[in-house]
1. Whole-Hz Karplus ³J(HN,Hα) for the range A:40-47, in order, using 6.51 cos²θ - 1.76 cosθ + 1.60 and θ = phi - 60°, x for Gly and Pro?
2. Could you please rank A:Val13, B:Val36, A:Val70, B:Val41, placing first whichever residue has the fewest other Cβ atoms within 10 Å of its Cβ?
3. Taking the protein assembly as shown, how many lysine pairs are there with alpha carbons less than 19 Å apart, if each pair must be eight or more places apart or span two chains?
4. Taking Cα atoms, how many degrees apart are the long axis of helix B:16-27 and the longest axis of chain B, rounded to 10 and kept between 0 and 90?
5. Over the Cα atoms of the range A:2-79, Rg to Rh with Kirkwood Rh, two decimal places?
6. Points 7 angstrom from Cα along the Cβ direction at A:Ala20 and A:Glu59: gap in nanometres?
7. Could you quickly flag the chain B residue whose beta carbon comes closest to the rotation axis taking B to A, and that distance in whole angstrom?
8. Measure nothing fancy, just the Cα-based angle from helix A:51-61's long axis to the longest principal axis of chain A, in degrees from 0 to 90, nearest 10.
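Values in this text are rule-based calculations from the coordinates and carry no lab data. The structure presented is a predicted model; accordingly, all values stated were derived computationally and were not measured. A quick note on method: Cβ atoms are made from the backbone with ideal geometry, for glycine too, and the neighbour counts reach across all protein chains shown.
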There are 2 protein chains.
Amino acid sequence: MKARVHITLKSGVLDPQGKAIGHALSSLGFTGIGEVRQGKVIEIELAESDPATARASIEAMCTKLLANIVIENYTIAIDA
Amino acid sequence: MKARVHITLKSGVLDPQGKAIGHALSSLGFTGIGEVRQGKVIEIELAESDPATARASIEAMCTKLLANIVIENYTIAIDA
């Protein structure tokens with residue numbers, strides 16, 4: 001079973017990396033670009049076969065290691 | 001219109017960041033963890049309202065700036 005965790009900065013938290021990407025795109029000539037935000041995606045292979053247990057385990061990993069819950073949000077997607 | 005670009009390392013390309021996450025999870029006591037891969041997600045707000053044009057524009061951004069197509073794959077999702 002494979003889990004995919006999306007980690008994004010909470011709205012309101014400054015995202016300098018996203019801003020840099022936005023500026024770079026503008027200077028390359030792309031127009032009509034609004035806000036750009038960069039986040040992370042982490043794909044984890046799990047031996048666990050029960051989706052509910054897998055999700056609980058990933059949830060624990062997110063709060064303990066993967067995400068900084070003060071400034072980041074995370075969403076978990078489990079692929080069968 | 002909002003676009004979301006996922007950028008992941010091609011399979012076969014060494015992912016030391018993913019490996020480090022996998023080791024850290026194991027040392028925190030999580031078991032049954034297989035391969036871990038880390039990628040990027042970039043969210044871009046576009047003024048463009050036509051999905052096809054938006055996708056073409058994002059495609060150009062990916063090849064020119066966002067992804068290193070030698071070692072990375074990208075997928076584009078357009079939200080209405």
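1. 10, 10, 10, 9, 10, 8, 10, 6
2. Details: A:Val13 13, B:Val36 23, A:Val70 7, B:Val41 19.
Exposure proxy ranking, most exposed first: A:Val70, A:Val13, B:Val41, B:Val36.
3. Counting lysine pairs in the protein assembly as shown gives 25.
4. So the inclination is approximately 40 degrees.
5. Answer for the range A:2-79: 1.12.
6. Those two pseudo-labels are separated by 3.5 nm.
7. Spelled out as residue then distance in Å, it is B:Val41, 2.
8. Once rounded, the angle reads 60 degrees.
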